[in-house]
Amino acid sequence: MELAVSDLTCARGGVPLLEGVRFTLPAGAALVLRGPNGCGKTTLLRTIAGLQPQLSGTIDCPPDAITYAGHADGLKAVLTVAENLAFWAAIHGTPGIDAALEAMNLTDLAARQAQHLSAGQKRRLGLARLLVTGRPIWLLDEPTVSLDTASVALFGSVARTHLARGGTALMASHIDLGLNEARVLDLTSYRAAPRLPQGFDEAFA
Amino acid sequence: MSNGSLWEYANPVKFMRLSGQVLPWVAGLAAACVVGGLFWGFFLTPDDFRQGSTVKIIFLHVPAALVAINAWVMMLVASLVWLIRRHHVAALAAKAAAPVGAVMTVIGLFTGAVWGQPMWGTWWVWDPRLTAFLILFLFYLGYIALWSAIEDAETAADLTAVLCLVGTVFAVLSRYAAFFWSQGLHQGASLSLQPGTRMDWAYKAPLYVCMAGFTLLFLALLLAGTRTEIRARRSRALMIRERMAA
Amino acid sequence: MIALLLRDLRLAFRAGGGFGLGLGFFLVLAVLVPLGVGSDPRTLALIAPGILWIGALLACLLSLDRMFALDHEDGSLDLLATAPIPLEGVVAVKALAHWLTTGLPLVLMAPLLGVLLNLPGAAYGWLIMSLLLGTPALSVIGAFGAALTVGLKRGGLLLSILVLPLYIPTLIYGAEVVIRGAQGLDTTTPLLLLAGITAGSAAILPFAAALALRVNLR
């Protein structure tokens with residue numbers, strides 16, 4: 001499972017943020033995106049996830065291989081932890097949620113409604129969703145927000161297992177997950193030169 | 001953009017240049033036709049033997065109704081052009097046409113009411129033609145409301161274009177539903193080709209002039225409106241450029 | 001797909017899901033109308049088909065803005081868009097869930113309110129039949145409107161301005177079935193036209209709604 005990005009230009013609100021982004025993620029590799037706030041980390045991840053079109057460039061990856069975890073966890077407050085997870089498992093056609101609950105240390109909370117979880121517990125549930133999708137390429141947007149040290153370490157080991165099984169991870173994060181093998185890509189060098197905005201207004205200057 | 005094709009004018013710069021040259025002529029011709037046609041129609045035609053002088057409101061009513069419907073058709077075509085070929089001028093032209101069409105719908109409804117009062121003894125009847133026109137006005141309102149509610153220009157253009165396509169289908173359905181719902185008082189189409197109720201040339205000639213005038217008026221307002229939209233976009237683009245350079 | 005349907009149904013029935021609000025609105029409306037127009041049974045019988053259809057239509061409208069907005073807020077819509085089921089399918093399933101939790105209960109309650117409004121006896125069957133055929137169209141058309149306005153703050157009012165004109169053909173044919181039924185006339189034509197609108201909407205609008213959702217997500 002390889003993710004290859006070449007000459008990617010992506011924009012937010014019609015204004016190009018990043019251009020010429022290129023990298024290749026072979027199976028088992030992880031890449032951490034770095035850069036100041038607003039430099040386009042989220043935009044890049046959403047573009048690769050297919051949620052918004054790129055202005056130019058190509059994204060090569062097998063179909064239905066990507067799963068995306070954004071700032072919001074996609075949890076339903078009135079459903080229990082197990083129900084939330086079972087829903088995503090059913091949508092992706094994967095069997096069983098026990099392994100994912102176990103891996104993210106949620107087994108004891110399985111019957112609790114999501115609205116009664118703490119912020120860190122919600123985040124763990126959101127990350128457990130990655131496991132039940134059964135997809136090899138993880139796109140993670142600040143996965144460690146509101147996690148405590150122990151949980152960060154827990155997710156670090158989950159991610160390492162995922163990589164060891166041939167998965168890949170592309171994440172925007174400021175916190176070291178303890179993934180020593182992960183490469184770092186600094187997005188500041190891909191910042192789009194100040195120029196006319198693309199899209200709707202491009203034709204009018 | 002291929003050379004020599006019609007699509008060249010989808011380029012905003014070329015559009016601005018051409019429309020700037022054409023607009024005064026269109027506007028002048030529109031004014032001449034509207035004023036001349038209305039004067040001819042109001043003062044130089046004989047009274048109808050049954051309807052008296054009230055019939056003369058036809059010179060406002062029919063052209064306004066014509067433009068009201070065709071403005072929507074033009075918006076439909078422009079929306080399709082935007083969705084398929086992504087020409088920005090098309091999206092902006094659709095946006096500029098909507099208020100003109102809506103006002104023409106109101107003129108059509110209002111003159112209809114003024115005409116209907118002496119003819120049918122009431123300002124408003126739920127006649128299928130009137131109802132269909134009122135429904136058309138509601139569709140214009142929704143379209144305009146959606147344009148003004150969305151901040152991002154490209155998103156707004158996409159969503160309003162989709163609404164225009166779906167709205168067209170439902171507007172046509174509504175028209176047939178309205179005709180099914182009530183058979184009306186409204187006379188048949190004024191220029192229908194069926195024999196018997198044909199209009200005399202004394203009326204037809206000024207009516208044609210008025211219809212041409214209103215169509216030209218629509219064209220002039222459309223060009224002016226589109227030019228305003230393009231200028232608004234351009235100033236926004238310049239502001240973004242300045243902000244990014246700073 | 002079935003998982004999504006079950007989730008939406010479960011969410012509607014759990015606390016805060018809003019199930020029953022539409023029914024309550026429908027009931028209140030049926031009580032208010034006689035208070036407004038007077039208690040004369042003949043007047044009520046005359047307007048009952050229209051009132052019941054308009055009531056059902058407005059009750060449907062009430063819950064529309066939740067259809068995609070809640071999923072958009074909590075991020076589920078992003079995740080559904082990257083899930084293996086097509087967005088068109090998501091729209092269709094969500095419209096179905098909306099119909100099961102809003103439209104179907106309205107159909108079942110309408111005869112009771114018909115009694116309150118003195119609906120003629122011959123019309124009850126046609127009332128149920130027309131609502132059964134017509135309310136799915138209301139849900140699908142509503143899903144399209146909800147998809148258009150999903151990214152907007154305070155999209156609710158705009159949603160009603162967009163959706164209500166689209167409801168006109170359904171309303172006309174639906175109410176016509178009941179009116180003709182009450183008078184003992186032939187109802188075949190409006191019934192077929194109503195079914196045609198429902199079938200056409202269900203076939204085409206999920207695609208338009210999915211297109212609008214994709215535009216709103218980017």
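Screening the range B:144-156 for residues that are more than 7 Å from every other protein chain (Cβ to nearest Cβ) and either part of a helix (DSSP H, G or I) or in contact (Cβ under 8 Å) with a residue 12 or more places away in the chain (or both) and picking the one that is nearest to C:R154 (Cα to Cα) gives B:S148. Checking each residue in the range C:70-112 for being more than 14 Å from the chain's Cα centre (by Cα) and β-branched (V, I, T) picks out C:T82, C:I85, C:V90, C:V91, C:V93.
The numbered conditions (1) away from chain C (no Cβ under 13 Å); (2) surrounded by 13 or more Cβ atoms within 10 Å (Cβ to Cβ); (3) without any contact (Cβ under 8 Å) to a residue 40 or more places away in the chain; (4) among the hydrophobic types (A, V, I, L, M, F, W, C) are all true for A:A111 except (2).
Does C:L138 qualify as being surrounded by 21 or more Cβ atoms within 10 Å (Cβ to Cβ) and part of a helix (DSSP H, G or I)?
yes
With respect to (1) free of Cβ contacts under 8 Å to residues at least 40 places away in the same chain; (2) surrounded by 24 or more Cβ atoms within 10 Å (Cβ to Cβ); (3) more than 19 Å from the chain's Cα centre (by Cα), the lone exception for C:V215 is condition (2). Within the range C:20-69, being open to solvent by 40 Å² or more (accessible area, probe 1.4 Å), assigned to a helix (DSSP H, G or I) and within 28 Å of C:V93 (Cβ to Cβ) holds for C:L21, C:L23, C:F25, C:I54, C:L58, C:L62, C:R66.
Considered as a group, the residues in the range B:230-246 that are open to solvent by less than 40 Å² (accessible area, probe 1.4 Å) and under 20 Å from B:G20 (Cα atoms) include one that is nearest to the other protein chains (Cβ to nearest Cβ), and that residue is B:R233. Scan the range C:70-94 for residues that are open to solvent by less than 20 Å² (accessible area, probe 1.4 Å), part of a helix (DSSP H, G or I) and not aliphatic (A, V, I, L, M) and the total you get is 4. Applying the set (1) within 14 Å of chain C (Cβ to nearest Cβ); (2) open to solvent by less than 40 Å² (accessible area, probe 1.4 Å); (3) at pLDDT below 85 to A:C39 leaves exactly one unmet item: (1). Here A:E202 clears all of (1) at pLDDT below 85; (2) closer than 28 Å to A:D64 by Cα; (3) not polar (S, T, N, Q) except the condition numbered (2). Among the residues of the range A:58-81, is there at least one that is crowded, with 20+ Cβ neighbours inside 10 Å, of a type in the set (D, E) and facing chain C (nearest Cβ under 8 Å)? Scanning the range A:58-81, I find at least one residue that is crowded, with 20+ Cβ neighbours inside 10 Å, of a type in the set (D, E) and facing chain C (nearest Cβ under 8 Å), so the answer is yes.
If you check C:I172 against the conditions, is it at the interface with another protein chain (Cβ under 8 Å from one of its Cβ atoms), among the aliphatic types (A, V, I, L, M) and more than 26 Å from C:G89 (Cα to Cα)? When the stated conditions are applied, C:I172 passes them.
The values are calculated or read from the model by the stated rules, or taken from the named source; none is laboratory data. The structure presented is a predicted model; accordingly, all values stated were derived computationally and were not measured. All Cβ positions, glycine included, derive from the backbone under ideal geometry; neighbour counts span all protein chains shown. Areas reflect the complete protein model, heavy atoms only, side chains present, ligands, DNA and RNA absent. Shrake-Rupley method; radii C 1.70, N 1.55, O 1.52, S 1.80 Å.
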